[in-house]
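See structure below.
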Amino acid sequence: MKIAVIGTGYVGLVTGTCLAENGNDVLCVDIDKNKVKQMKAGIVPIYEPHLDVLFERNIKAGRLNFTTNLKEGLDFGEVIFLALPTPENEDGSADLKYVLGVAKEIGEYITSYKVIVDKSTVPVGTADLVKSTIEKSCKTDFDVVSNPEFLREGFAVDDFLKPERIVIGSSSEKAIEVMQMLYQPFVRSGNPIIIMDEKSAELTKYASNSFLATKITFMNEIANYCQKVGADVDKVRIGMGTDSRIGKRFLFPGIGYGGSCFPKDVKALHKSGKDINYDFKILEAVVEVNEHQKTILFPEVSTYFDDTLEGKTIAIWGLAFKPETDDIREAPALYMIDKLLEAGAKLKAFDPEAMDNVKEKYGDKLQYGKDMYEVTEGADALLICTEWSIFRTPNYNLLKSNLKNPVIFDGRNLYPTVELAKQGIHYISIGRQKV
């Protein structure tokens, strides 16, 4: 099948590459000339595990190509995926200018039947808006399908190739048949292709992300309460997670969620409710708690140094919003960086993948290390913001030798408190006893 993917961010590039990996001919379209030039040269513009192997293989096979010409992409593809950004407006709503802008051009350019697929995360009713926008200038038949993505950054390739489920929102039997044919190779193990109407499909994505964000936030509330009453959130988490109605996932407390999805999607659903006079009270609380949680360790750091951080050097491990990505959008580390800089601290940071992105934002306001131990040399304390696997089994003796004070502030609860006590390290984490 011939596929055009409009937009080559995380979603678009993974979608295009994985569809090519299953034998489709894919043409990816992006307005960024330098980015397209890089991709044509075989350079992957994002960090996503395993993507580079598939990317290179399908370019060599001639199944994956790139262009800046939208009309070329529309002429090429039988199915047109819209993988465009839907950034957050000031009021929390999703900005659809990129989606609707491309929809307008689709109406002007297409001359034969196409299936237009909303792959971007969009508010309920967007498929109708896209359809009406295309209809204004279109002279041929087309269908608009809602096909939300459920890709986790860091696991996006596996999630696409082996999906737990595929949601297709459409009222057109013809479009449904095309989409089922396209996705059948990905669900040979029996995972479902779920057919529903467009609005339900759009809401499914928002509801899923908002529920997971709520689960994380609830656990953070429990952790904060544990801190007050002397309970251990790890024990509580295990006790809760063995209940099959609750499950073990998304029960790990920390310094809040970030990234390109959860913060934006929760706010967008909340705003969509307000637009029709429905108040999502739970989501309002989720947003409020998560904002507070991102800097929950700052008072602990400040108190440890007698509320005088001026001139203190803090080493930071982890800058990305989660491990296995270079994405720093809404990363809790950035909120801690802002608070620490404001208090006069000097910061030395290390992340396996995200440092270039942080350098673009902060420049020389931070120092950057070539490895995790270099940034701890001469630092007054260590702050952990992202749970990269390389941080899980540190050389404690080297840490104690490097740090001026043997103290770790852990926003991801990486280490057993008993072990840190044995090591003679002052250890403050989330929802657990200080040692």
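Compute the Kirkwood hydrodynamic radius of region 159-249, taking the inverse of the mean of 1/r over all pairs of distinct Cα atoms, and give it in Å to one decimal. Write down the numbers at each step before the final one.
On the way: mean 1/r = 0.0622 Å⁻¹.
So the Kirkwood estimate lands at 16.1 Å.
If I model a spin label at residue 395 and residue 292 as a point 7 Å from the Cα along the Cα→Cβ vector, what separation in nanometres do I get?
Distance between the two pseudo-spin positions: 4.1 nm.
Mind listing P(r) for region 1-103? All alpha-carbon pairs, 10 Å bins, whole percents.
Binned Cα distances yield the sequence 16, 49, 27, 8, 0.
If amide hydrogens are placed 1.01 Å from N in the peptide plane, which non-local residues have theirs closer than 5 Å to the one on residue 66?
28
Taking the Cα centroid of region 194-252 and of region 342-413, what is the distance between the two, rounded to the nearest whole Å?
Each part's Cα centre sits 29 Å from the other's.
After finding the eigenvalues of the alpha carbon gyration tensor for the chain, what semi-axes result from the square roots of 5 times each, listed largest first in whole Å?
Details: eigenvalues 360, 115, 77 Å².
Over the Cα atoms of the chain, the ellipsoid semi-axes are 42, 24, 20 Å.
Exactly which GluC sites (Glu not before Pro) in region 20-87 are in a DSSP loop and have at most 16 other Cβ atoms within 10 Å?
Working: sites: 21, 56, 72, 78; in loops: 78.
The qualifying sites are 78.
Which of the lysines could a cross-linker bridge to residue 2, judged by Cα under 20 Å and excluding same-chain residues fewer than eight apart?
Partners within reach: 40, 60, 71, 114, 119, 174.
State log₁₀ I(q)/I(0) for region 241-339 at q = 0.13, 0.25 Å⁻¹ as given by the Debye formula over alpha-carbon point scatterers of equal weight, solvent excluded.
Those come out to -0.62, -1.28, one per q.
Out of the total accessible area of region 153-217 (probe 1.4 Å, heavy atoms of protein only), what percent is carbon and sulfur? The partial results should precede the final answer.
Working: 1710 of 3090 Å².
Accessible surface attributable to carbon and sulfur in region 153-217 totals 55 percent.
Ignoring ligands, DNA and RNA, please state the percent of accessible area on region 1-138 from carbon and sulfur, probe 1.4 Å. Let's see the in-between values first.
Values: 2850 of 5840 Å².
For region 1-138, the apolar C and S fraction of the accessible surface comes to 49 percent.
Got the relative contact order for region 52-104 handy, in percent, Cα pairs under 8 Å and 6 or more residues apart?
Numbers: 22 pairs, mean separation 9.6, N = 53.
Once normalised by length, the contact order is 18 percent.
With every atom except the alpha carbons ignored, what do you get for Rg and Dmax of region 104-169, in angstroms?
Taking only Cα atoms of region 104-169, I get Rg and Dmax of 14.2, 42 Å.
For region 288-410, just say rounded, prolate or oblate: build the C-alpha gyration tensor, square-root its eigenvalues into a ≥ b ≥ c, call rounded for a/c under 1.5, and beyond that prolate if a/b exceeds b/c, oblate if not. Please list the in-between numbers first.
On the way: a/c = 1.36, a/b = 1.06, b/c = 1.29.
Verdict is rounded for region 288-410.
Under 22 Å from the Cα of residue 348, which lysines turn up, not counting those fewer than eight places away in the same chain?
294, 312, 322, 339, 359, 361, 365, 370, 400, 404
Let me make sure I get this right: for region 199-240, a, b and c are the square roots of the gyration tensor eigenvalues over alpha carbons, sorted descending. Under 1.5 in a/c it's rounded, otherwise prolate if a/b > b/c, else oblate. Which is it?
Numbers: a/c = 6.93, a/b = 3.15, b/c = 2.20.
Judged from the Cα gyration tensor, region 199-240 comes out prolate (a/c at least 1.5, a/b above b/c).
Counting DSSP beta bridges in the chain, what percent are antiparallel, to the nearest 5?
Values: 2 of 45 bridges.
So the antiparallel bridges amount to about 5 percent of the total.
Which value, in debye to the nearest 20, describes the size of the charge dipole of the chain about its Cα centre when Lys and Arg Cβ atoms bear +1, Asp and Glu Cβ atoms bear -1, and nothing else is charged? Provide the component values of the computation, followed by the final result.
Details: 53 positive and 63 negative charges, 140 e Å.
Magnitude of the dipole: close to 680 debye.
Mark the label point 7 Å from the Cα of residue 69 along Cα→Cβ and return the residues of region 106-150 whose backbone N is within less than 19 Å of it.
It comes to 106-112, nothing else.
Using a probe radius of 1.4 Å on heavy atoms only, what accessible surface per residue do you get for the chain? Whole Å² is fine.
Values: 19800 Å² over 435 residues.
About 46 Å² of surface per residue is accessible.
Between residue 33 and residue 285, what FRET efficiency follows from the Cβ-Cβ distance if R0 is 56 Å, with the result rounded to 0.05? Before the final figure, lay out each step's value.
Values: r = 44 Å, r/R0 = 0.79.
It comes to 0.80.
Can you list the aspartates and glutamates whose alpha carbon sits under 12 Å from that of residue 104, skipping same-chain ones fewer than 8 residues off?
135
The values are calculated or read from the model by the stated rules, or taken from the named source; none is laboratory data. Remember, predicted model here, so these are calculated numbers, not experimental data. Ideal geometry is used to build each Cβ from the backbone, glycine not excepted, and the neighbour counts take in all protein chains shown. For accessibility, only protein heavy atoms count, side chains too; no ligands or nucleic acids. Shrake-Rupley method; radii C 1.70, N 1.55, O 1.52, S 1.80 Å.
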